[in-house]
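The values are calculated or read from the model by the stated rules, or taken from the named source; none is laboratory data. Because the structure is predicted, anything quoted here is derived from the model rather than measured. We place every Cβ from the backbone using ideal geometry, glycine too, and count neighbours over all the protein chains shown. Just the protein is used for accessible areas: all its heavy atoms, side chains included, with ligands, DNA and RNA removed. Shrake-Rupley method; radii C 1.70, N 1.55, O 1.52, S 1.80 Å.
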Amino acid sequence: MAADTAIGASYTTERVIDDFSATKSSDWQVDITHTFDNKVSIGGAVKYYDTAGTSDSKTNAQIGIGYTVNLEKLALTGSVGVGQHFIHSDDSENFPYYYVSLAGALPINDKWTWNAFRLRYRNAFDSDNDYNTPEVATGVSYKVDGHNSLSLMVVYDWSESEPSYTGLEFGYKYHF
């Protein structure tokens with residue numbers, strides 16, 4: 001495996017848990033990840049959340065480290081990291097959080113990959129911040145060429161043990 005750097009952007013439309021036709025929030029993310037020859041990766045991301053029908057918004061900025069293991073055709077990537085949650089209102093406090101994730105990807109052919117699962121556990125360092133927000137996702141990626149890829153993921157998210165939203169995530173990555 002050769003070293004690789006990927007810069008990406010994604011858009012997620014969060015749908016109301018009991019009414020997929022209703023928008024809960026729109027999220028925009030930019031990220032960068034460098035994977036070394038030894039399959040260790042480092043990366044960072046900034047994600048902006050815009051809650052529908054309100055003036056509420058928030059931003060997460062995070063960094064992390066990961067490692068990929070190739071098992072036959074399945075690639076497993078685990079990562080851990082920390083971040084800062086910024087709430088854009090006068091009466092709320094910002095707080096730090098941590099996350100742990102595991103993803104499994106299975107190539108279908110030289111163009112398509114089934115992103116079989118992406119699991120995330122995320123929580124604030126101080127549980128009083130009510131940020132226990134696990135997530136599961138599955139989807140596909142399409143390799144346009146040696147540098148460009150597109151992805152579509154279906155996402156399910158919880159907040160403090162309650163279902164929060166079902167989402168559709170559309171992504172783009174540029175590899176160099």
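Things to note:
- Accessible-area composition of the chain, carbon plus sulfur, in percent [1.4 Å probe]: 60 percent
- Backbone phi angles across segment 133-145, fed through the Karplus curve with coefficients 6.51, -1.76 and 1.60 (θ = phi - 60°), yield HN-Hα couplings of 10, x, 8, 10, 8, 8, x, 9, 10, 10, 8, 5, 7 Hz in residue order; Gly and Pro are listed as x.
- Dipole in debye (nearest 20) - the chain, about Cα centre, beta carbon charges: Lys, Arg +1; Asp, Glu -1: 880 debye
- Think of each Lys and Arg Cβ as +1 and each Asp and Glu Cβ as -1; about the Cα centre, that makes the dipole of segment 1-74 roughly 120 debye.
- Accessible area per residue in Å² at 1.4 Å probe, computed on segment 17-85: 57 Å²
- Filter on LYS47/LYS73; LYS58/LYS143; LYS47/LYS173; LYS73/LYS111 - keep pairs with C-alpha separation over 22 Å: LYS47/LYS73; LYS58/LYS143
- Cα lying deepest toward the dipole's positive end in the chain, options SER21, ASN148, ASN60, charges on Cβ: ASN148
- Furthest towards positive pole of dipole, THR12, GLN84, ILE42, structure part segment 11-91, Cβ charges: ILE42
- Cα-Cα separations in the chain greater than 27 Å, expressed as whole percent: 26 percent
- Exposure of GLU162 as accessible area (Å², to 10), given a probe of 1.4 Å and all protein chains: 120 Å²
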